[in-house]
Amino acid sequence: MDKKADEQGWGRDQLTLRLTVARLARLRALADHMGPGATPTDTVARAIELASAQLDAPANDARLEAIEDQLGALVAGHKLATDRLEAAVLALARNMAKLHALISEVASQPSDEF
């Protein structure tokens, strides 16, 4: 670390925190949320994790947008395939109806006796 960081206390192995009453109450609320047995050290570590996650949020947002774009492309592809299948089923149904009508017409004609 550089000299200024050392002067600010970042070079120390341990850190002592002095919290305002409001900040301590918020830290205790976080500890309560973490569950029984959460120590002040655990809670400070969790607060650091939460804050770090917020710093990473823009990168996560970009990844989520890329995933959403890929999902959109997949949905569009599946919709196109589904539309094609529906059209094929409708064409098959029309052909089956025509075939049924033809079979009925042939069956209703008097048979030619030999």
In nm, the gap between the two label points placed 7 Å beyond Cα toward Cβ at LEU90 and ASP13 is 7.8 nm
Computed over the Cα atoms of the chain, the Rg and Dmax in Å are 35.7, 116
Ranked by GNM mean-square fluctuation in the chain (Cα springs under 10 Å), the top entry among GLU86, GLU49, GLU68 is GLU86
Env charge @ ALA47, Cβ radius under 14 Å, K,R +1 / D,E -1, value +1
Note to self, the chain gives a 222 nm [θ] from helices alone (DSSP H runs n ≥ 4, -39500 (n - 2.57) apiece, / all residues, nearest 500) of -26500 deg cm²/dmol
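FYI, it's all coordinate maths here, none of it is from the lab. Since we're looking at a predicted model, the values are computed, not measured. FYI the Cβ positions are ideal-geometry reconstructions off the backbone, even for glycines, and counts take in every protein chain you see.
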